[in-house]
Amino acid sequence: MNQTIETILNHKSVRAFKNISLNETQIEQLVEAGQAASTASYQQSYSIIGVTDPIIKGKIAKYAGNQPFIEDSGHLLIFCADLYRNKLMSEELDIDIEKTIQGVDATIVGAVDASLAAQNVVIAAESLGMGVCYIGGVRDGIIEISDLLELPDYVYPVFGLAVGYPSEENDKKPRIPFEGIYHENKYKLDKMDVIKQYNKDTKTYYSLRSGELSDRAWAKTAVSSLNRLPRTFIKDFLNKRGLSKH
Ligand SMILES: Cc1cc2nc3c(=O)[nH]c(=O)nc-3n(C[C@H](O)[C@H](O)[C@H](O)COP(=O)(O)O)c2cc1C
């Protein structure tokens, strides 16, 4: 095991931060680490918005599903899929890319590019002793937050990332065992025994975390979130912003 893998395996989301803002050098270092990630066809179809204005930060915390800990983070980054930059460059080059950037695949490309950059930022931040929490709740307020950040057409927020020095740390959440996640050569449908056993095992994690015998287990959390967050307004929003039309 080397230091990099150790950092990755030690990951746990942080939702309580010390009152320490990141400085410009730290922010630049994290963004540079993000930018080192691969991007589809060298498109770099993403942008990162750092939120330093406490009023904007507070509004985002509210729009993103009322998560006040976001306000306490040392820095808030909003990762956006960004097809707009390449749209502008296509006009310079007199090449029509409208059909491509209006398709679902371009929406996926932007989300993937943003995600890969974000995960690099996460690893860099954690390697420096900081903690992070992704904020998918940003998509609860995708309309309000896009307006607030004055995002142009062909740009949408994929998620936020709250970064800072932890004031409290959670325990590491156990993951699905290797054999439950990894399929060799083709998708295997017979993994439910492993998954069910894992689900039972997570009760121990929740019991230890709460300090009392808990019936809570992983599947309930995962499935409930899928039940709770259909975000049916997103398709319409993306279409209005020129994205995911076909
Ligand atoms: C795309 C994405 C969105 C997330 N959104 C939120 C969020 O809005 N609020 C939150 O508290 N945690 C959020 N999380 C953190 C997850 O809840 C967390 O990663 C998961 O429970 C596993 O815990 P761990 O990161 O501590 O291992 C998000 C994670 C990801 C990857």
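The values are calculated or read from the model by the stated rules, or taken from the named source; none is laboratory data. All of these numbers come straight from a predicted model, not from anything done at the bench. Note that we place each Cβ from the backbone using ideal geometry, even for glycine, and neighbour counts take in every protein chain shown. Calculation scope for accessible area: heavy atoms of the full protein, side chains included, ligands and nucleic acids excluded. Shrake-Rupley method; radii C 1.70, N 1.55, O 1.52, S 1.80 Å.
When shorter helices are ignored and each DSSP H run of at least 4 residues is given -39500 (n - 2.57), the per-residue value for the chain at 222 nm works out to -14000 deg cm²/dmol.
For residue 188 and residue 40, the FRET efficiency from 1/(1 + (r/R0)^6), where r spans their Cβ atoms and R0 equals 41 Å, is about 0.90. At a probe radius of 1.4 angstrom, the accessible area of the stretch 140-246 per residue rounds to 68 square angstrom. 3J(HN,Hα) along the stretch 90-99, derived from phi through the Karplus expression 6.51 cos²θ - 1.76 cosθ + 1.60 where θ = phi - 60°, amounts to 5, 5, 4, 8, 6, 10, 8, 10, 3, 4 Hz, with x in place of Gly and Pro.
When N counts the residues of the stretch 17-105, how does its alpha-carbon radius of gyration compare numerically with 2.2 N^0.38 Å, as a ratio? Kindly include the intermediate steps, with their values, before the conclusion.
Working: Rg = 16.6 Å, N = 89, 2.2 N^0.38 = 12.1 Å.
That works out to 1.37 for the stretch 17-105.
Roughly how big is the stretch 122-183's charge dipole about its Cα centre, with Cβ charges of +1 (Lys, Arg) and -1 (Asp, Glu), in debye to the nearest 20? Can you show the working numbers first?
On the way: 4 positive and 10 negative charges, 63 e Å.
For the stretch 122-183, the charge dipole is close to 300 debye.
Listed values for the stretch 185-190 are Karplus-derived 3J(HN,Hα) couplings in whole Hz (6.51 cos²θ - 1.76 cosθ + 1.60, θ = phi - 60°), namely 6, 8, 5, 9, 8, 9, and x replaces Gly and Pro. Once backbone amide H atoms are built at 1.01 Å from N, residue 135 has 160, 161, 162 as its partners under 5 Å, excluding neighbours fewer than 5 places away on the same chain.
Across the protein chains, with a 1.4 Å probe defining accessible surface, the residues 207, 146 rank 207, 146 from largest area downward.
Distances between placed amide hydrogens fall under 5 Å for residue 20 paired with 165, all partners being 5 or more residues away or on another chain. In the stretch 131-246, Cα pairs under 8 Å separated by at least six residues give a relative contact order of 25 percent. Here the scattering of the chain is modelled by Debye summation over its C-alpha atoms, one equal scatterer each and no solvent; at q = 0.14 Å⁻¹ the log10 of I(q)/I(0) is -1.10.
Computed from backbone phi, the HN-Hα couplings of the stretch 159-176 come to 6, x, 9, 7, 10, x, 8, x, 9, 9, 10, 7, 6, 5, 7, x, 9, 4 Hz, rounded to whole numbers (Karplus: 6.51 cos²θ - 1.76 cosθ + 1.60, θ = phi - 60°; Gly and Pro given as x). Counting only residues at least eight positions apart within a chain, or on another chain, the aspartates and glutamates with an alpha carbon under 15 Å from that of residue 99 are 91, 153.
Computed about the Cα centre, the dipole magnitude for the stretch 141-237 is approximately 580 debye when only Lys and Arg (+1) and Asp and Glu (-1) carry charge, each at its Cβ. Of the cross-linked pairs 173/196; 220/240; 12/59; 18/57, those separated by over 24 Å at the C-alpha level are 220/240; 12/59. For the peptides 166-174, 185-193, 104-112, the ranking by packing is 104-112, 166-174, 185-193, with the highest mean count of neighbouring Cβ atoms within 10 Å listed first.
Solvent exposure of the stretch 14-102, expressed per residue, is 59 Å² of accessible area, with all protein chains present and a 1.4 angstrom probe. Here the accessible area is traced with a 1.4 Å probe on the protein chains. For the chain, carbon and sulfur cover 52 percent of it.
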